[in-house]
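Notes follow once the structure below has been shown.
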Amino acid sequence: MYTDKVIDHFREPHNRGKMEDYSAIGKVGNIVCGDVMWLYIKVEQDESGRDIIVDISWETFGCTAAIATSSMVSDLAKGKTVEEAIAVTNQDVASELGGLPPVKMHCSALAADALNEAIHNYFIQEGREIPAALQERHAHIAKEMAQLEERYAAFTRKSGEKPRGCE
Amino acid sequence: MLIPYQFGRISAGDGMNNKIYLDNSATTPLASEVLEAMTPFFQSSYGNASSLHSTGRDAHKAMEQSRSLIAEHLGVTPHEIVFTSGATEADNLALLGTALRTNGGGHMITSRIEHDAVRHTARWLATRGFDVTLLDVDEAGRVSAQDVRKALRPDTLLVSVMAGNNEIGTLQPIQEIGEICRERDVLFHTDAVQAYGKVGLPMDVIDMLAVSAHKLHGPKGVGFLYVRKGVKLAPLLHGGGHEGGRRSGTENIPGIVGLGEATRLAFAEKEQVSARMRQFRDQLITGVLKLPGTRLNGHPTDSLPHIANFSFEAIEGESLIMKLDEHDIAASTGSACSSPNLEPSHVLVALGVPLSMAHGSLRISTGRQTTSHEIEKLLQVLPVVVQELRDISPFKVGG
Ligand SMILES: Cc1ncc(COP(=O)(O)O)c(C=O)c1O
Ligand code: FES
């Protein structure tokens, strides 16, 4: 069901692990629903004053597709300007991996969302004006998270477990 | 390396490989004895068991021999064995066959940890005017016989509780449940797919019992429902009146012969193989629970010998299965990410396993071919791959 490219990234994920000196972090997902991704970015200005993602890394709790898409999104964003990185979609992530099974498309959304959230947090931290597209997607992600939590609420109530992941 | 079968072309997967197959609750490799028993019934004794000529009679004889052999091992009479296309059909026949005998309506009792073949059938009946009580289980996955007693109603038609669970291995008190049903004159059906040929079954208190050949080193697509004499079921398949009118359709003779041989083999080796499996299970439990952030799902001892289910904190099961697959080890998980509807295993949820731990579940199930070397290899590989996944997880063990 997975392409060779997915398997390759899963076996040898790029840019994996925690980053200590990050500029911003994007946390998406929820352990109760089963997928969590934390994405760290380090941003520096180049000579012309553009914000460049000079380093990126991630920590992921999730399936093969979640790990492969984490790896791929980090490849796609690394070295890009923040504006270019905002434009990365989950379709980009999935197609770079040669496609994902339909039931796994949400894992690629998780990766693209984590990138979006990291950049959103970076803009807030820097006190920058947030571009409309970024803000819109941020709102959308928050809404989806709420829906997911609702979907799993019955399970959570039963076990008395607290959602962890997205703070 | 196995090559996918190409229709119209003979292609040879060599069948033999170095894979360590620890997913025997999903299905088992066919035993060579079974293959050998089945082979003549494809091309030489290929008759239709209903035919008058000798080719047909040979097929019929083989089928009845298989039926008698199975009946003998269970201590029942041959006529009480109804061959089906597997346990899904057998479970459906038990539940739907009972329901269809009524004028609509009535009550059934089953548990929260049944296989989907029972669970979804009961759920469907609940949408068709039947009342269904789902019994809770304790944290080891056991139904309480007293809960069955409490749930019985004057209009209860059937109680269906599995003998041993396919995900966690926990054995159910079917003797006690059966006795209560007998006392109250209610039908008792048990899905014995995982228990058959591995543990004893109290046939004197069981009215119906479902079995599948492919969990027992037999072929896929064949099984049976034991139906106690006097129990009336409406057939699901109407046609030529095969199986005493209880299940029409030309009989799958090679399959039925394979099921018979698989039964013979399983019962002949039962003590020896079960003892070995139990030893492997104990070894796995000791080995896995030594690792930090792990738990055993199910009962430590009151269990089928071949199934052990664990959870690993901070990692997700589907990726764990893929990591093990890299090392040529096949196992399975009840994680949400691995299921088509992205829901965690209903069995683990019923046990009250926290969802985060249900996501990191691993089921290891052994077969008659499993060796101690394979168990050792798994116990070597497992800590390594678990650590690899924990290294990239945002969650820390114990955190
Ligand atoms: C407990 C249990 N019941 C029923 C079934 C269904 O059996 P079959 O594959 O023969 O339809 C299985 C296996 O998938 C099982 O493990
Ligand atoms: S992380 Fe759950 S399906 Fe991918």
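Computed values, structure above
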read-out: Unmet criterion (only one of (1) in a loop (DSSP other than H, G, I, E, B); (2) within 23 Å of B:Ala358 (Cα to Cα)) for A:Arg128; value: (2)
read-out: Qualifying residue in the range A:59-74 (condition: closer than 29 Å to B:Gly317 by Cα, open to solvent by 50 Å² or more (accessible area, probe 1.4 Å) and within 16 Å of ligand 2 (Cβ to nearest atom)); value: no
read-out: Only listed residue being crowded, with 16+ Cβ neighbours inside 10 Å and more than 28 Å from B:Thr333 (Cβ to Cβ), chosen from A:Ala118, A:Ala111, A:Ala133; value: A:Ala118
read-out: Qualifying residue in the range B:204-215 (condition: open to solvent by 10 Å² or more (accessible area, probe 1.4 Å) and either hydroxyl-bearing (Ser, Thr, Tyr) or within 16 Å of ligand 1 (Cβ to nearest atom) (or both)); value: yes
read-out: Failed criterion for A:Arg11 (all others in (1) within 11 Å of chain B (Cβ to nearest Cβ); (2) under 15 Å from the mean Cα position of the chain (by Cα) hold); value: (2)
read-out: Selection status of B:Leu382, within 19 Å of B:Asp23 (Cβ to Cβ), under 22 Å from the mean Cα position of the chain (by Cα) and outside any loop (DSSP other than H, G, I, E, B); value: no
read-out: Filter pass, B:Pro292 being under 18 Å from the mean Cα position of the chain (by Cα) and either closer than 30 Å to A:Asp35 by Cβ or not small (Gly, Ala, Ser) (or both); value: no
read-out: Residue satisfying condition, being part of a loop (DSSP other than H, G, I, E, B) and among the aliphatic types (A, V, I, L, M), within set B:Ile70, B:Ile109, B:Ile113; value: B:Ile113
read-out: Test: residue in the range A:45-54 that is within 14 Å of chain B (Cβ to nearest Cβ), open to solvent by 30 Å² or more (accessible area, probe 1.4 Å), assigned to a strand (DSSP E or B) and not charged (D, E, K, R); value: no
read-out: Count of the range B:316-358 residues which are modelled with pLDDT of 95 or more, within 12 Å of ligand 2 (Cβ to nearest atom) and of a type in the set (A, V, I, L, M, F, W, C); value: 1
read-out: Residues satisfying the stated conditions in the range B:308-324, i.e. in a helix (DSSP H, G or I) and more than 19 Å from B:Ile285 (Cβ to Cβ); value: B:Glu318, B:Ser319, B:Ile321, B:Met322, B:Lys323
read-out: The listed residue being within 16 Å of ligand 1 (Cβ to nearest atom), part of a loop (DSSP other than H, G, I, E, B), over 25 Å from B:Ala192 (Cβ atoms) and not assigned by TED's automatic domain parsing to the domain that holds B:Leu135, out of B:Pro340, B:Pro292, B:Pro305, B:Pro344; value: B:Pro340
read-out: One residue from A:Ala133, A:Ala118, A:Ala154, A:Ala146 being farther than 30 Å from B:Asp325 by Cα, away from ligand 2 (no atom under 12 Å from the Cβ) and modelled with pLDDT of 95 or more; value: A:Ala118
read-out: Residue tally, condition within 30 Å of B:Pro29 (Cβ to Cβ), open to solvent by 20 Å² or more (accessible area, probe 1.4 Å) and not β-branched (Val, Ile, Thr), over the range B:344-399; value: 13
read-out: Among the candidates B:Arg363, B:Arg368, residue that is assigned by TED's automatic domain parsing to the domain that holds B:Ala26 and within 16 Å of ligand 1 (Cβ to nearest atom); value: B:Arg363
read-out: Some residue of the range B:35-43 being exposed (fewer than 15 other Cβ atoms within 10 Å of the Cβ), modelled with pLDDT of 95 or more and over 29 Å from B:Gly240 (Cα atoms); value: yes
read-out: From A:Asp35, A:Asp75, residue being facing chain B (nearest Cβ under 10 Å) and in contact (Cβ under 8 Å) with a residue 60 or more places away in the chain; value: A:Asp35
read-out: Out of B:His217, B:His299, B:His238, sole residue that is farther than 30 Å from B:Glu80 by Cα and either more than 16 Å from ligand 2 (Cβ to nearest atom) or not assigned by TED's automatic domain parsing to the domain that holds B:Ala163 (or both); value: B:His299
read-out: Selection from the range B:276-319 of residues that are at negative phi and within 14 Å of another protein chain (Cβ to nearest Cβ); value: B:Arg295, B:Asn297, B:Ser311, B:Phe312, B:Glu313, B:Ile315, B:Glu316, B:Gly317, B:Glu318, B:Ser319
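The values are calculated or read from the model by the stated rules, or taken from the named source; none is laboratory data. All values reported here derive from a predicted model rather than from experimental measurement. In this analysis, Cβ positions are derived from the backbone assuming ideal geometry, glycine residues included, and neighbour counts consider all displayed protein chains. Calculation scope for accessible area: heavy atoms of the full protein, side chains included, ligands and nucleic acids excluded. Shrake-Rupley method; radii C 1.70, N 1.55, O 1.52, S 1.80 Å.
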